[in-house]
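J.: I have a structure here, written as structure tokens, and I will follow up with some questions on it.
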Amino acid sequence: MSDILIRAKSLSVGFPIGSGLFSKQILKAVDDVSLDIEKGSVFGLVGESGSGKTTLGRALLKAVPITGGGAHYSDGEVEYDLENITKNQLKDYRKRAQLIFQDPYAALSPRMTVRDIIAEPLEVMGLTKTRQETDKRVREIAAKCRLNLEHLRRFPHAFSGGQRQRISIARALVSAPNFIVADESVAALDVSIQADVLNLLKQIQSDMGVTFMFISHDLSVVAHTCDHVAVMYLGRLVETAPTRKLFEAARHPYTRALFSAIPSLDPDDRGAVQKLTGEIPSPTNQPSGCKFHTRCPHAIDHCKQVEPQLEIDGAGHAVSCHRWKELMATQAA
Amino acid sequence: MTALLDVENLTLQFRTDEGLITAVDNVSFSLDKSEVMGLVGESGSGKSVTAKALMHLNARNAVYSPESKITLHTETGPVDVLSLKTPKELNIVRGGAVSMIFQEPMASFAPAISIGNQMVEQLQLHGDYTKEQAKRWSIEMLDRVGISDAGKRFNQYAFELSGGMRQRAMIAMALSTQPKLLIADEPTTALDVTIQAQVIDLMKDLVSEFQMGIVFITHDLGVVAQTADKVNVMYLGRMIETGPVRDVIRQPKHPYTQGLIAALPKLDDIDAPLTPVPGDIPSPLERPSGCVFHTRCRQVVGDVCKQVDPKDRDLDGSHRVACHIYTEEMA
């Protein structure tokens, strides 16, 4: 077992909604999530929109307030408790934890050259002392992301989607972070380019030992990129496992439904899938018991009343479902 | 099979400050009733521009070549789409016999008009409906596409609906005029996979029920495999490969199509390395000479690729490819 970089314990993030003085409601975007992210691994987070995966990623960057539980960061040099981190600690944490956004068209300022975009974090954080030092660092990182000197002088509008995403990656890497949250970083790209960016991320992970949290709604991308995968539904973790385990034998009905919804490349393999009906419920009006019961084809009365707990086995495969053993048995039979 | 649409030698350029930019280059295809055609390609390949040409909907700076011809076969006889001029004439291809579903349903509904009023408005524009009839038919259509509580949704606004709901409402609206041809421009790209699966199912049901032809634009080959009867692959405005969906996906002939399929992450072999198509799609201002794909091709056969534009080759009746590899072999 290798070291844990980030350990979340019963982490919750809630946002107050409604403006009534006495009727403050809390929207629980992330609800009681516990997970361990190993140093140097790629941790995948999947789920539909509204499942809370982006909020969880931001909570681990301390970009949204943590309202319950906590997360512990420990990289060997420093240790922080993110739920009550001090201002000075947070300043240091920002250098160690970075974010890559989804839309490379919106994430880059159109009025800055690529060099300035990549250099900005260094200047803001005061990581380099002279301009020469900054330039040297920028060139190193740019080369890693396959951007040449000529590229550095241009403005973002001159680049294609894949190149822009490489610029965003360079910007995130320039402060030499230990932890990067990549939030749907390939969702806006064409498949031909997507493969290129995924390969680049993998290479960076192995070259620089960066730990990634990779947020995506695309299970096939996650399968190829991540070492460990967590599936979220309405703010809760419903299943988490090493990638291979999850893809060989998914236990939660929701995970299996996600798999079967992926359109197959085989034209004759049409329609033989178990379709999920309905949509993810609104987080302000959450179902009782197991949150998935409203869409689950296997729900029984017990599911509507009692919330299942995450059960973990020796191999690190955890699932929160009342009936998973039963369902796996009937499937095998 | 009855022909529904014939596109012949469609060439379309845009007049810009930097000169004429070729967006679609000599594209021909045809579509029958109840047939679904997938139009695949990267961003910048000209697939959306081709689709918009079917509704004569491209911007004013679009220049069609004199050889370009789009014929839509309607009950009242063939319509030469590109010769339509006045708004009244254009009505037939804009909502009458042809409807379009866009990628981002939030951007395609007017935010300050209720869904219902938008549906009624277009029905009255295209058909002989009283307001009452139009309302009843709209609610029926909303119900038909699986929107629960359609009567209530009819009075709601686009922002009150979830993404999947909005796309269903968009489909209901596009189909309510009972078009012969439906153009779906990336209709599931903005949706979650679970919702995407529902929308794909819905569209398949509707094809068989209404006997429409569908031009389905997407960059997702999985979605194409699940929906289309035949596929056209486009690159920089050229149609580089076309054929029945099984042939094109199982035995792709063009190096670009092969590259697209190799770049897809596959679930049955998660350790297989991902192979990107090298490089980026060139800017339309720097259109490569010869074969438009030669700058990124791994299988260039020689100078011929850089100099000569490959001709469309018929491989076996319906599977066609434009690549010198096959011309060489045949010669």
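J.: Taking the Cα-to-Cβ direction at A:Asp269 and at B:Asn9 and moving 7 Å from each Cα, how far apart do the two end points lie in nm?
T.: Reported label-point gap for A:Asp269 and B:Asn9 is 4.3 nm.
J.: Distance check, please: which entries in A:Lys304/B:Lys204; A:Lys95/A:Lys144; B:Lys33/B:Lys69; A:Lys87/A:Lys129; A:Lys62/A:Lys245; A:Lys39/A:Lys87 exceed 27 angstrom between their Cα atoms?
T.: On the way: A:Lys304/B:Lys204 34 Å; A:Lys95/A:Lys144 19 Å; B:Lys33/B:Lys69 19 Å; A:Lys87/A:Lys129 23 Å; A:Lys62/A:Lys245 30 Å; A:Lys39/A:Lys87 25 Å.
With Cα atoms farther than 27 Å apart: A:Lys304/B:Lys204; A:Lys62/A:Lys245.
J.: Please identify, among B:Gln251, B:Gln178, B:Gln13, the residue showing maximal mean-square fluctuation in a Gaussian network model of chain B using a 10 angstrom Cα cutoff.
T.: Comparing B:Gln251, B:Gln178, B:Gln13 in a Gaussian network model of chain B, the most mobile one is B:Gln251.
J.: Need one word for the range A:4-247: rounded, prolate or oblate. Basis is the Cα gyration tensor (sqrt eigenvalues a ≥ b ≥ c); a/c below 1.5 gives rounded, then a/b vs b/c decides.
T.: Verdict is prolate for the range A:4-247.
J.: Can you put A:Glu140, A:Glu83 in order of Cβ neighbours within 10 angstrom, beginning with the fewest?
T.: Exposure proxy ranking, most exposed first: A:Glu140, A:Glu83.
J.: Hey, in the GNM for chain A with a 10 angstrom Cα cutoff, which one of A:Thr277, A:Thr67, A:Thr240 fluctuates hardest?
T.: It is A:Thr277.
J.: Same structure again: Mind checking the mean number of beta-carbon atoms from other chains within 10 Å of the Cβ atoms in A:196-202?
T.: Across A:196-202, the average partner-chain Cβ count within 10 Å equals 3.
J.: Looking only at the range B:1-34, which residues have a backbone nitrogen under 17 Å from a spot 7 Å from the Cα of B:Ala59 in the C-beta direction?
T.: It comes to B:12-24, nothing else.
J.: Would you calculate, for chain B, the mean residue ellipticity at 222 nm contributed by helices, counting each DSSP H stretch of 4 or more residues as -39,500 (n - 2.57) and dividing by all residues, to the nearest 500?
T.: Theoretical 222 nm ellipticity from helices: -9500 deg cm²/dmol.
J.: Note down the nm distance, to one decimal, between modelled labels 7 Å out along Cα→Cβ at A:Glu307 and at A:Ala332.
T.: My value for the distance between the label points is 3.1 nm.
J.: Set the Förster radius R0 to 56 Å, insert the Cβ-Cβ distance between A:Ser34 and B:Lys131 as r into 1/(1 + (r/R0)^6), and round the FRET efficiency to 0.05.
T.: The formula returns an efficiency of 0.50 here.
J.: For the range B:153-216, just say rounded, prolate or oblate: build the C-alpha gyration tensor, square-root its eigenvalues into a ≥ b ≥ c, call rounded for a/c under 1.5, and beyond that prolate if a/b exceeds b/c, oblate if not.
T.: Oblate, since a/c reaches 1.5 and b/c is not below a/b.
J.: Ok, one more. On average, how many beta carbons from a partner chain sit within 10 Å of the beta carbon of a residue in A:256-262?
T.: Working: counts 0, 3, 4, 2, 3, 8, 7.
That works out to 4 on average.
J.: Between B:Ser283 and A:His298, what is the spin-label point distance in nm, taking each point 7 Å from the Cα along the Cα→C-beta axis?
T.: Distance between label points: 5.5 nm.
J.: Once you average over the residues of B:259-266, how many Cβ atoms of partner chains fall within 10 Å of each Cβ?
T.: Shielding by partners across B:259-266 averages 6.
J.: Turning to a different aspect of this structure: Defining a contact as two alpha carbons under 8 Å apart and six or more residues distant in sequence, what relative contact order in percent does chain B show? Write down the numbers at each step before the final one.
T.: Details: 604 pairs, mean separation 63.7, N = 331.
Across chain B, relative contact order equals 19 percent.
J.: Neighbour counts of other C-beta atoms within 10 Å: give me A:Lys325, B:Lys253, B:Lys180, A:Lys9 arranged from fewest to most.
T.: Values: A:Lys325 12, B:Lys253 22, B:Lys180 19, A:Lys9 15.
Listed from fewest to most nearby Cβ atoms, that is A:Lys325, A:Lys9, B:Lys180, B:Lys253.
J.: Given the Cα-Cα distance of A:Lys325 and A:Ser282 and 0.36 nm per residue of separation, how much length would full extension add, in nm? Each step should come with its number before you reach the end.
T.: Details: separation 43, 0.36 × 43 = 15.48 nm, distance 2.87 nm.
Working it through step by step, the gained length comes to 12.6 nm.
J.: Of the options A:Ala261, A:Ser74, B:Val292, report the single residue whose Cα projects farthest towards the positive end of the charge dipole of the protein assembly as shown (beta-carbon charges: Lys, Arg +1; Asp, Glu -1).
T.: Ranked along the dipole, the leading option is A:Ser74.
J.: Checking the a/c ratio against 1.5 first, then a/b against b/c, what shape does the Cα gyration tensor give for the protein assembly as shown?
T.: The shape class here is oblate.
J.: Calculate the length of the line joining the C-alpha centroid of the range B:24-97 to that of the range B:151-190, in whole Å.
T.: If you average the Cα positions of each part, the centres end up 22 Å apart.
J.: Please arrange A:Tyr73, B:Tyr129 by how many other C-beta atoms lie within 10 Å of their C-beta, fewest to most.
T.: Numbers: A:Tyr73 24, B:Tyr129 18.
Exposure proxy ranking, most exposed first: B:Tyr129, A:Tyr73.
Bear in mind that the values in this text are calculations on the coordinates, not laboratory data. The structure displayed is predicted, hence computed values, not measured ones. Quick reminder, even Gly has a Cβ in these numbers, built from the backbone with ideal geometry, and neighbours come from all protein chains shown.
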